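First the structure, in the form of structure tokens, and then the observations on it.
No value in this document is a laboratory result; all are computed from the given coordinates. Here the structure is a predicted model, which is why all the values come from computation and not from measurement. Because the Cβ atoms are built from the backbone with ideal geometry, glycine has one as well, and the counts that use them run over all protein chains shown.
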Amino acid sequence: MKMQQKEILVLAIESSCDETAAAVVRNGREILSNTIYSQIDLHTIYGGVVPEIASRKHIEKINQVLQTSLAEAGKELKQMDAIAVTYGPGLVGPLLVGVSAAKAISFATGIPLVGVHHIEGHISANFIENKELEPPFVCLVVSGGHSHLVVVKDYGVYEIIGQTRDDAAGEAFDKVARAIGLGYPGGPKIDKLSKEGNPDAIKFPRAKVAENEYDFSFSGLKSAVLNYLNSCEMKGIEINRADVAASFQKAVVDVLVEHSLMAVKQYGYDKFAIAGGVASNRSLCEAFERRCAKEQIQFYHPSPIFCTDNAAMIGVAGYYEYCKGVRSGLDLNAVPNLKLGER
């Protein structure tokens, strides 16, 4: 794909869940600013994201993060070549705030509008720090709402070869964390506690989906953890939370690694990347680093700041869509269940 020669500046907006974010991206690979307002503290007391609260906070913060991002980049709005915004998937209320802001800016300034798929943003986060990375490659997207195994054939061209049949990996982390009293968000807390536990202490199941060897299923694993906890409680056995956390995490990591590396080899690629909030899990990264080194596969992953929801990744994805000639009209709407590859 031939890129533009002149400087292209993209102002990006992300508001699909509980982060209000804006960024300025130059030529798809250089981040001039990346402003994130996180609502985690607001939602922690509820044990998860409350959509109405998230929507209201997005409305409060959206103009602030946009102004901050432009100021940090040292750019003015009139210098932007495109406005990129997440329009799905995600929570409909939060998505509407970002989409409405982007459409208002585009209408007022005449700057082209580009709607971006949230998962495409996560995949594109790998381009930020890995300047040499080019498609094709296989990417595993793992977050609180998504578990996708994707063949990235070209910029903006994807084939989903595996996905979760029930709980996403991050969702399973949150539910198990709640069950053992760690609270929200579950992923970082389980990762931290796991370092104190024995990952082989408890044998939890690794599910295989008969219809598609690349698909994931974490519901049975989550149930096995809950059954173990209930059994210990009924028998008066003291629960070692660190062992539970470590054993559960190892079960998730084993499945993600096995399915992903099998896909890379069977599709004949030598490049593999991970993305999404769970990609910041240190144990998962280390497991992939070991296996990829052994299999002589190049392994890529974003820094933690680009794993969780952020606007920089949306700006990167938006840049490549813009260069392909993709433009969204002012009828762009939030699509909470948007499938990858749809437009």
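What the table shows:
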quantity: Failed item, numbered, when Lys208 is tested on (1) in contact (Cβ under 8 Å) with a residue 12 or more places away in the chain; (2) closer than 30 Å to Arg241 by Cβ; calculated: (1)
quantity: Evaluation of Arg26 against (1) of a type in the set (D, E, K, R); (2) over 20 Å from the mean Cα position of the chain (by Cα); (3) crowded, with 20+ Cβ neighbours inside 10 Å (one fails), failing number; calculated: (3)
quantity: Verdict on Val278 being part of a helix (DSSP H, G or I) and either touching a Pro at 6+ places or on another chain (Cβ under 9 Å) or crowded, with 23+ Cβ neighbours inside 10 Å (or both); calculated: yes
quantity: Filter pass, Glu213 being exposed (fewer than 13 other Cβ atoms within 10 Å of the Cβ) and of a type in the set (D, E, K, R); calculated: no
quantity: In segment 175-187, the residues that are farther than 17 Å from Phe204 by Cα, in contact (Cβ under 8 Å) with a residue 24 or more places away in the chain and either touching a Lys or Arg at 6+ places or on another chain (Cβ under 8 Å) or part of a helix (DSSP H, G or I) (or both); calculated: Arg178, Gly181, Leu182, Gly183, Tyr184, Gly187
quantity: Those residues of segment 286-322 which are within 20 Å of Val252 (Cα to Cα), without any contact (Cβ under 8 Å) to a residue 60 or more places away in the chain and either in a strand (DSSP E or B) or touching a Lys or Arg at 6+ places or on another chain (Cβ under 8 Å) (or both), in sequence order; calculated: Phe299
quantity: Residue within segment 158-174 that is within 19 Å of Gly318 (Cα to Cα), touching a Leu at 6+ places or on another chain (Cβ under 8 Å), not in a loop (DSSP other than H, G, I, E, B) and not small (Gly, Ala, Ser) present; calculated: yes
quantity: Subset of segment 67-81 [more than 27 Å from the chain's Cα centre (by Cα) and within 18 Å of Ala101 (Cα to Cα)]; calculated: Glu76, Leu77, Lys78, Gln79
quantity: Search result, residues across segment 323-338 that are assigned to a loop (DSSP other than H, G, I, E, B) and surrounded by 12 or more Cβ atoms within 10 Å (Cβ to Cβ); calculated: Lys324, Val326, Arg327, Leu332, Asn333, Ala334, Val335, Pro336, Leu338
quantity: Among residues of segment 74-110, those that are outside any strand (DSSP E or B) and in contact (Cβ under 8 Å) with a residue 60 or more places away in the chain, counted; calculated: 21
